[in-house]
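Single-structure report; data block below.
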Amino acid sequence: MSYYSYNNRGGGFLSSIPTATKNIIVINVLVMIMTSLNGDLMYQKFALFYPTSPFFRWWQPVTHMFMHGGFWHLFFNMYTLYFFGRVLEERWGAKKFLIFYFVTGLGAALIHTGVEWIQMQHWMGQVAEGSMAAQAKIHALKMTPTVGASGAIYGVLMGFAMLYPDAILSLIFPPVSMKAKWFVLIFGGIELLTGITGVGGGIAHFAHLGGLIFGYLLIMYWKKKRTLYGRDY
């Protein structure tokens, strides 16, 4: 996908990226390098685990946002952040953008964990009835790490769509163009459908939805407080 225009600050590629957006990208790349060198330790300590997992640590809701499952996972998230995050940061300033980024990322983790809790309650009921399969599912959930900045990235997409609803976005695949507001609605619908049906296993669809939801709520809160279009606090 690509945004129709952006500010060119001159001075080279890196200098064209606002500070907060650039630092987020750099940190994600560095963490990916560290993960490639010692993946087991990195995932065990810094990925997000279910709160009753023996691997859960209090800092994981934040640190998992800087980890990824592979090069392409990292690339597409940072590619999207590069195009849309810098637009929001240039509009809001670094401090306000970071607040938005972390609120949506943490909100995504909250929604994801909430859905896992619902699944756990269902399986625990089955375990009480003697289901060994449900017991295995509970164990697998507790041992499965969640990684990625996708929740915050979906929040960034929602923020962009609400500030620039009629901006035309061009997708690489499929090669179509549409307004930002329709783009986000379609992607949100796809995430809801795939999350409910279980299609695309291994992807935290409800975390993506959580990013969209918290992005929408924060934008509406700022609108109500009449601070949406101001830079920083």
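Out of the residues in region 133-175 that are out of contact with any His (no Cβ under 8 Å at 6 or more places or on another chain) and of a type in the set (V, I, T), which is farthest from F206 (Cα to Cα)? Among them, the one singled out is I168. Of the helices (runs of 4 or more DSSP H) lying entirely inside region 46-99, the ones with 3 or more residues being in contact (Cβ under 8 Å) with a residue 12 or more places away in the chain and among the charged types (D, E, K, R) are found at 86-92. Just to verify a result, which residue in region 146-205, among those that are in contact with a helix residue (DSSP H, G or I) (Cβ under 7 Å, 6 or more places away or on another chain) and polar (S, T, N, Q), is nearest to T21 (Cα to Cα)? For region 146-205, the residue satisfying everything is S150. Taken as a whole, the condition of being under 25 Å from A140 (Cβ atoms) and either touching a helix residue (DSSP H, G or I) at 6+ places or on another chain (Cβ under 8 Å) or at pLDDT 95 or above (or both) applies to M42. For region 97-133, the set of residues classified as in contact with a helix residue (DSSP H, G or I) (Cβ under 6 Å, 6 or more places away or on another chain) and among the β-branched types (V, I, T) consists of V103, T104, I111, V115, V127, listed by residue number.
Looking across region 108-130, the residues that are exposed (fewer than 15 other Cβ atoms within 10 Å of the Cβ) and either in contact with a strand residue (DSSP E or B) (Cβ under 9 Å, 6 or more places away or on another chain) or over 23 Å from H205 (Cβ atoms) (or both) come down to G125, A128, E129, G130. Quick check, is L48 surrounded by fewer than 13 Cβ atoms within 10 Å (Cβ to Cβ), under 24 Å from Y154 (Cα atoms) and at pLDDT 95 or above? Criteria not met by L48. Go through the residues of region 30-41 one by one and say whether even a single one is crowded, with 19+ Cβ neighbours inside 10 Å, among the β-branched types (V, I, T) and part of a helix (DSSP H, G or I). Yes, some residue in region 30-41 is crowded, with 19+ Cβ neighbours inside 10 Å, among the β-branched types (V, I, T) and part of a helix (DSSP H, G or I).
With a requirement of 1 or more residues that are loosely packed, with under 15 Cβ neighbours inside 10 Å, the helices (runs of 4 or more DSSP H) lying completely within region 142-233 that satisfy it span 180-197, 205-224. Residues of region 166-186 that are at pLDDT 85 or above and not hydrophobic (A, V, I, L, M, F, W, C): D166, S177, K179, K181.
The values are calculated or read from the model by the stated rules, or taken from the named source; none is laboratory data. Since the model is a prediction, treat every value here as computed from it, not as a measurement. Neighbour counts are summed over all protein chains in view; Cβ atoms, including those assigned to glycine, are modelled from backbone coordinates with ideal geometry.
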